[in-house]
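Below is one structure; the comments refer to it alone.
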Amino acid sequence: MPDVITVRVQTGSDSFQDIDVKIERPTYNKPFLGGFRDVSTGVEFHNAGSQTKPKKRPDKGIQFFCKETQTAVEKNKQQQTRNTTSTQMTKIGLYVSNMTDKLITPGKYFTAEEYHKRRLEAVIVLQKYFRRWHAINLLQNLKEQKRVRLALAAQEELQKKREKEDKLRREYEKKLNPKTKEDFELLYHELELWMQDETERVNRTLTGAERKAALCALLEEETQLIACIGMHKLDANVENQQKAILQLLEFHKFSLKCARPRRWKAFDGKITEMDTQNSLRGKELLEIYHSISTKDVPKDERTSVLLTLKCTVKEHECKLTQEIVTLIDREVDLMSRDVKECNLEGLRKRICTLFLQYIKIPEFNPGVTGLLKVPRDPLKLYKNIYFCHSCEKYLAPTEFLIPANSRTIGRCRSCYQLDNEARQRESYFKYRLILEHLRKSEVDYQDDSKTVFLIQLPDLQYLIENIWNCQSALSACSDLYDLVMVRWDKQHEWSPWNTILLTKEEADAHLKLCNLQTTYEAPFIYRIEQRHIRAKNYFAQIPAMSSFLHRSNNQANANSYKKCSSLKL
């Protein structure tokens, strides 16, 4: 139907008028009002209402709710009508067989109480069987949990045992084949312990001249052991020096540190590498150093390598390059005279050493600038150098070991180590492990902890030996390999007056606590606080720590004030 229709309306007896009628489309679906279907044609006709809009009720400002009427709900249900039947019995003149008949007798009558009682007994039987099944399953689950827990505990115990054995084995290997300063420190410490035991045994068992003779023999044996350790130390120094050269060059990876390309990670995680002019120069020098360091090379290849080296160093005119060129000409001349290679070994080592010095000069190899410990410009050292009164050398600040109670710069690390080997012979290996674990755990907190990095090994040794007596505060375990230092109150940064010495398992359980006052007993907390006071009195001597001490006191006073205020309220 179109939107506008024309309707002719009769206005008079003979007059008509055409009126345009606009059809309004309904905005709602018209209800189905029934209809009929023509049987002959099959056309369906639907009843329809008027096209006028329904009248809206005036809004009275009151909200109405619809509610169903209480009209009865009708439902249809099929029923079976009565069917009249008849039976036929035996009578005179009629016989009906009773072979298929059944004799029905009434049973014992029981009341409703007896019925409910029987139902209750049946329910109790069902509950018994269900509870038995549930108990069996619960017991099996508990057994399985116990088995898993015992297996995990046994595995952890075995893991601890293996770790302890590995530590002892590594410590034994360090003593048997010492390579580093820590290894010789352990070796001297064991020598001192052996010397003390032997001296005590001699003083306990011998007297007079025999005692003096035994002590002299013991002193001579100690001297021989010190000499043997010194020989091992010289061999280790030579090996470590060679390792230092290889570490600079990273010879085993065929890549100079200064020859490495620039690397960075992109947003998608891929690594991008870029060769710069300095890295290409470093790779060129690396290949030459590798070539001149290789042994058992034919004369032709050796001569070609030496000529390449000569052309490389001739690019810069200085005394070092002139000396290298002179040595190269000498080796070429000696090889032309068929001199044996064993006689050229010293000359070749000298060429390698001078070329290594050539590599370490930033003017010839710009990529090595950031790898040098001593800068080329001496003006940079004037404001960052200290004087060692023992060896009378000017060294960098990193070469000095400054305890917490020290007010001046004392001896350097080398002099301190030499004095330790000659007199006390103490080993800081176990304390170093505890300090490394402590610093790593403090970094994981990510709360800008600074005090832990001011603590040195002698300070930590004093803290463990004199404050905590080298044992756990809970279990009194004295094995330093199993002990760690953690925060007493994990809400504040670590400090000597906010720490506790525990085993690793105890430390993990301690850090999970939320309230220390309710977990630990009052006497234990009092002992810990007394040790914290002793640590405060000792470490307050250093000015850098005094500021942290004042800050922690202010925090403690603020916390106590808050507690008092809450109690008053």
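The values are calculated or read from the model by the stated rules, or taken from the named source; none is laboratory data. In this text, all values refer to a predicted model and were calculated from it rather than measured experimentally. Note that we place each Cβ from the backbone using ideal geometry, even for glycine, and neighbour counts take in every protein chain shown. Calculation scope for accessible area: heavy atoms of the full protein, side chains included, ligands and nucleic acids excluded. Shrake-Rupley method; radii C 1.70, N 1.55, O 1.52, S 1.80 Å.
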Completion exercise
Note: among Tyr462, Tyr431, just one is within 30 Å of Glu392 (Cα to Cα), open to solvent by less than 20 Å² (accessible area, probe 1.4 Å) and either at pLDDT 85 or above or charged (D, E, K, R) (or both), namely Tyr431
Exercise for the section: Would you point out which residue out of Cys477, Cys470, Cys391 is at positive phi, part of a loop (DSSP other than H, G, I, E, B) and not assigned by the TED database to the domain that holds Glu222? Expected result: Cys470
Fill in the blank from the handout: Looking across region 465-487 at residues that are open to solvent by less than 30 Å² (accessible area, probe 1.4 Å) and of a type outside the set (A, V, I, L, M, F, W, C), the single one that is farthest from the chain's Cα centre (by Cα) is Ser472
Practice task
Scan region 488-501 for residues that are in a strand (DSSP E or B) and surrounded by 22 or more Cβ atoms within 10 Å (Cβ to Cβ) and jot them down.
Solution key: Thr499, Leu501
Exercise for the section: Find the residue count for region 516-533, including only residues that are of a type outside the set (Ser, Thr, Tyr), assigned to a loop (DSSP other than H, G, I, E, B) and open to solvent by less than 70 Å² (accessible area, probe 1.4 Å). Expected result: 0
Handout entry: Near pairs, Cβ below 7 angstrom, 6+ apart or cross-chain, from region 212-240 (among the small types (Gly, Ala, Ser)) to any residue that is open to solvent by less than 70 Å² (accessible area, probe 1.4 Å)
Key = Ala214/Val202; Ala214/Leu206; Ala236/Pro178
Fill in the blank from the handout: In region 335-373, anything in contact with a Pro (Cβ under 8 Å, 6 or more places away or on another chain) and either in a helix (DSSP H, G or I) or modelled with pLDDT of 85 or more (or both) is listed as Val368, Thr369
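Okay, residues lined up against (1) loosely packed, with under 11 Cβ neighbours inside 10 Å; (2) within 30 Å of Thr223 (Cβ to Cβ):
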position	(1), (2)
Trp133	yes, no
Leu158	yes, no
Lys181	no, yes
Trp194	no, yes
Thr199	no, yes
Gly208	yes, yes
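If you check Phe36 against the conditions, is it modelled with pLDDT of 80 or more, open to solvent by 100 Å² or more (accessible area, probe 1.4 Å) and not in a loop (DSSP other than H, G, I, E, B)?
For Phe36, the condition - modelled with pLDDT of 80 or more, open to solvent by 100 Å² or more (accessible area, probe 1.4 Å) and not in a loop (DSSP other than H, G, I, E, B) - is met.
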Handout entry: Candidate set: region 19-33, residues that are open to solvent by 90 Å² or more (accessible area, probe 1.4 Å) and at pLDDT 80 or above; chosen: the one farthest from Ala48 (Cα to Cα)
Key = Asp20
Exercise for the section: Please enumerate the residues belonging to region 432-456 that are touching a Pro at 6+ places or on another chain (Cβ under 9 Å) and not in a loop (DSSP other than H, G, I, E, B). Expected result: Thr451
Practice task
Inspect region 148-155 for any residue being assigned to a loop (DSSP other than H, G, I, E, B) and either loosely packed, with under 11 Cβ neighbours inside 10 Å or at pLDDT 80 or above (or both) and give the result as yes or no.
Solution key: no
Practice task
Give the residues of region 271-283 that are assigned to a helix (DSSP H, G or I) and open to solvent by 80 Å² or more (accessible area, probe 1.4 Å), sorted by residue number.
Solution key: Gln277, Leu280
Exercise for the section: From the list Lys233, Lys212, pick out the single residue that is within 48 Å of the chain's Cα centre (by Cα) and among the charged types (D, E, K, R). Expected result: Lys233
